[in-house]
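Here is the structure we will look at.
The values are calculated or read from the model by the stated rules, or taken from the named source; none is laboratory data. Note that the coordinates shown come from a computational prediction; the quantities given were computed from them, not determined experimentally. Here the Cβ positions follow ideal geometry from the backbone for every residue, glycine too, while neighbour counts run over all protein chains shown.
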Amino acid sequence: MDDADQYISDFSSLSWLSGKDWVMPASQDRSKKTLLKILTSAKILFIDKGFEATTIAEISRHSGVSSGSIYNLFADKNAICRALFENYRISREAKIADLIDRHDWRKEKAEDIIRFHLEIIFSSSRDDAGFLRLIEQQRLRDPLLFEMRAESEEKFCLIMLKLYQCHSGDFSHPDLETAVRYAHYIIRGSALWSILSDGTQNQFLKVTDKHFKEETTRMVCGYLGLAPK
């Protein structure tokens with residue numbers, strides 16, 4: 001296993017929503033603990049019961065935080081859902097930045113960047129399917145969440161574009177910036193489509209299927225003008 005393969009392997013073992021570090025620190029330790037209780041309980045209930053079926057009173061009972069204290073922090077459930085996504089985004093971006101900073105992609109093959117890009121998409125869709133289903137459903141109802149989601153994806157595209165530009169001479173596509181965006185949104189869309197239902201998945205779109213990722217890699221390499229090895 002070369003350095004790039006190990007890099008992707010290490011990334012694959014990450015779980016985006018595990019542990020407690022995914023919640024942004026509050027100004028006081030007590031406030032952080034309260035925020036953690038609220039967001040952790042809300043995440044569990046939203047995923048298990050559904051957003052509409054979950055009430056602030058249930059979040060209060062589950063978290064042990066009074067309804068009054070919850071309303072002091074959040075105007076409504078939509079605000080809680082936005083906070084959940086914001087914390088998830090920040091944690092996710094920090095992990096990606098750490099992985100990028102620990103490796104010099106200029107020394108690796110251009111295809112490794114594509115594989116790394118797709119592993120980010122597939123790993124989050126695979127490991128956080130329930131949470132991402134929640135966000136996809138709610139962003140269609142909440143314009144602010146929709147905007148937050150769009151900004152997050154655009155920021156990620158720009159991060160990945162810098163990696164692709166390290167090997168710009170290896171790609172024959174005349175507009176690499178546009179191509180990276182198209183590739184990202186099309187593959188991201190197919191991965192999200194595959195997890196929108198928690199029931200039976202389309203046989204060709206399973207984020208747990210190695211063949212799905214292999215064929216996706218082949219498609220992106222071809223589109224960018226890079227022959228896969």
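Data table
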read-out	value
Residue list for segment 92-149, restricted to those being over 20 Å from ALA79 (Cβ atoms) and of a type in the set (Asp, Glu)	GLU93, ASP98, ASP101, ASP104, GLU108, GLU111, ASP112, GLU119, ASP127, ASP128
Residue within segment 51-58 that is farther than 16 Å from MET148 by Cβ, touching an Asp or Glu at 6+ places or on another chain (Cβ under 9 Å), at pLDDT 95 or above and of a type in the set (S, T, N, Q) present	yes
Matching residues in segment 55-76 - criterion: being surrounded by fewer than 20 Cβ atoms within 10 Å (Cβ to Cβ) and part of a helix (DSSP H, G or I)	ILE56, ALA57, GLU58, SER60, ARG61, HIS62, SER67, GLY68, SER69, TYR71, ASN72, LEU73
Candidates ILE186, ILE113, ILE100, filtered to the one that is more than 25 Å from ALA53 (Cα to Cα), surrounded by fewer than 15 Cβ atoms within 10 Å (Cβ to Cβ) and hydrophobic (A, V, I, L, M, F, W, C)	ILE186
Residue in segment 154-176 that is part of a helix (DSSP H, G or I), farther than 21 Å from ARG106 by Cβ, touching a residue at least 40 places away in the same chain (Cβ under 8 Å) and of a type in the set (A, V, I, L, M) present	no
For SER67: the one exception among (1) of a type outside the set (Lys, Arg); (2) under 18 Å from ARG141 (Cβ atoms); (3) in contact with a helix residue (DSSP H, G or I) (Cβ under 7 Å, 6 or more places away or on another chain)	(2)
